[in-house]
Amino acid sequence: MDIDTFKKLTHDEKLKELKFSGELLGPYDRNGEPGTPKVPGDIYGLNDFFVYLSEDESTVVPSRRNPLPEE
């Protein structure tokens, strides 16, 4: 699956794909709107792209670049 196909999935389908095919890479606090605190969640590797999933599983954001710092 590529990132464009993933973007077209429903929210529930995205969660299912992460559960069965995603690789948990680590925790990540995502910037929210200006003046709001960061939103905690996790970064998953999925094929050739990355996905941010908020702790409450309400936000799923695919990205072509890994937002985690290199080790």
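The values are calculated or read from the model by the stated rules, or taken from the named source; none is laboratory data. As the structure is a computational prediction, the values presented were derived from the model and not from experiment. Note that we place each Cβ from the backbone using ideal geometry, even for glycine, and neighbour counts take in every protein chain shown.
Looking at LEU68, LEU18, LEU25, LEU53, can you tell me which residue is within 11 Å of the chain's Cα centre (by Cα) and not in a strand (DSSP E or B)?
Values: LEU68 fails: within 11 Å of the chain's Cα centre (by Cα); LEU25 fails: not in a strand (DSSP E or B); LEU53 fails: not in a strand (DSSP E or B).
Selected residue: LEU18, the only one of LEU68, LEU18, LEU25, LEU53 that is within 11 Å of the chain's Cα centre (by Cα) and not in a strand (DSSP E or B).
Would you check if PHE49 is in contact with a helix residue (DSSP H, G or I) (Cβ under 6 Å, 6 or more places away or on another chain) and aromatic (Phe, Trp, Tyr)? Answer is yes for this residue.
Of all residues in the stretch 20-63, exactly one satisfies the criterion of being surrounded by fewer than 11 Cβ atoms within 10 Å (Cβ to Cβ), under 21 Å from MET1 (Cβ atoms) and at pLDDT 95 or above, namely PHE20.
Can you tell me which residue among ASP42, ASP29 is out of contact with any Ser or Thr (no Cβ under 9 Å at 6 or more places or on another chain) and on the phi < 0 side of the Ramachandran plot?
Residue meeting the stated conditions: ASP29.
Selection of first residues in the stretch 3-30 that are without any contact (Cβ under 8 Å) to a residue 60 or more places away in the chain and of second residues that are assigned to a helix (DSSP H, G or I) and not hydrophobic (A, V, I, L, M, F, W, C), restricted to Cβ pairs under 7 Å at least 6 apart or on distinct chains, gives the following pairs, ordered by first then second residue: PHE6/LYS14; PHE6/GLU17; LEU9/GLU17.
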